[in-house]
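Structure, as structure tokens:
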Amino acid sequence: MTLDQRQLRTGFGRFATGVTVVTCRNSAGEPHGATVNAFTAVSLEPALCQVTLTRSSKACGYLADSPFAVNVLAANQLDTAMHFAGRPQDPGPRWGTGPTAPVLLGNAATISCLPWRTYDGGDHLIVLGEVVDLELTDAEPLLFYAGRFRNLGPADDGSHWAVSLDCPEIGWFPAAPAAV
């Protein structure tokens, strides 16, 4: 069975994701970044995360065994997402010095990583990083869903997910599962 790539992309796009910019240094040692929404947490022990990059991207070539940072963009950083997606903005992004690689300023979170493993992912490269530093802010994240950038809506205060093993207070964060 052959799947239509457009339909597959649309199907994948039904999963809302955060928007990140993966930053590293290019071959000349200059800061470089690429907008990536294929990011996920992998493991708490050891602390690992994953980014997936198109093999044809410049960033893919720069990440081979190199430290990098995952900049989780804040809702007000749409211009930054566009800049690193190939639509340069003026003014450009604000850079800072991170513990492993250059970082962007104003993020919702910044995850600094050392290279862990790299895997074949078809037309993409799957890069695992060991998290060595984490900076958090109270900023709301920028989201991507169905081909468009989005913001979070109001929080749903009417229900709680305590019945789920994924509840942050009693689920997969502590060692014990929730009592039902």
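From the Cα gyration tensor of region 16-96, with a ≥ b ≥ c the square roots of its eigenvalues, which class applies: rounded if a/c is under 1.5, or else prolate if a/b is larger than b/c, or else oblate?
On the way: a/c = 1.73, a/b = 1.20, b/c = 1.44.
Oblate, because a/c is 1.5 or more while a/b does not exceed b/c.
Are there chymotrypsin sites (Phe, Trp or Tyr not before Pro) in region 1-43 that DSSP puts in a loop and that have at most 13 other Cβ atoms within 10 Å, and which ones? It would help to have the intermediate numbers written out before the result.
Values: sites: PHE12, PHE15, PHE39; in loops: PHE15.
Loop-located and lightly packed - PHE15.
Calculate for the chain the 222 nm mean residue ellipticity that helices alone would give, adding -39,500 (n - 2.57) per DSSP H run of length 4 or more and normalising by residue count, nearest 500 deg cm²/dmol.
Roughly -2500 deg cm²/dmol at 222 nm, from the helical runs in the chain.
Could you check the simple spin-label distance between ARG87 and ARG55, using points 7 Å along Cα→Cβ, in nm with one decimal?
2.9 nm
If the only charges are +1 at each Lys and Arg Cβ and -1 at each Asp and Glu Cβ, what is the size of the charge dipole of the chain around the Cα centre, to the nearest 20 debye? Before the final figure, lay out the partial values.
Numbers: 11 positive and 17 negative charges, 146 e Å.
Here the chain has a charge dipole of around 700 debye.
Taking a label point 7 Å from the Cα of ARG6 along the Cα→Cβ vector, which residues of region 117-151 have an amide N closer than 18 Å to it?
Hits in region 117-151 for ARG6 at 18 Å: 146-148.
Below 8 Å between Cα atoms, with a sequence gap of 6+, how large is the relative contact order for region 1-135 in percent? Show your work: numbers first, answer last.
Working: 269 pairs, mean separation 34.1, N = 135.
RCO, region 1-135: 25 percent.
For the pair LEU114/ASN26, report the inter-label distance in nm, with labels modelled 7 Å from Cα in the Cβ direction.
Label at LEU114, label at ASN26, 2.8 nm between them.
I'm a student and want to see the number: the projected area of the Cα convex hull of the chain, averaged over all directions, in nm². Could the numbers behind the result be given before it?
Working: hull surface 51.7 nm².
Its Cα hull, projected and averaged over all orientations, spans 12.9 nm².
Taking H placed 1.01 Å from N in the peptide plane, check which residues at least 5 places from ALA75 or on another chain put their amide H under 5 Å from its amide H.
Placed amide hydrogens put GLU140, LEU142 under 5 Å from ALA75.
Distance between the C-alpha centers of region 99-155 and region 14-42? Whole Å please.
6 Å
From the backbone phi of region 121-132, what are the Karplus-calculated ³J(HN,Hα) couplings (6.51 cos²θ - 1.76 cosθ + 1.60, θ = phi - 60°) in whole Hz, Gly and Pro given as x?
These are the phi-based 3J(HN,Hα) values: x, x, 7, 10, 10, 9, 10, 9, x, 8, 6, 10 Hz.
What is the distance, in nm, between label points placed 7 Å from the Cα along the Cα-to-Cβ direction at ARG14 and at ALA75?
If labels sit at ARG14 and ALA75, their model points lie 2.7 nm apart.
No value in this document is a laboratory result; all are computed from the given coordinates. Note that this is a predicted model, so its numbers are computed, not measured. Glycine gets a Cβ as well: all are built from the backbone with ideal geometry, and neighbour counts include every protein chain shown.
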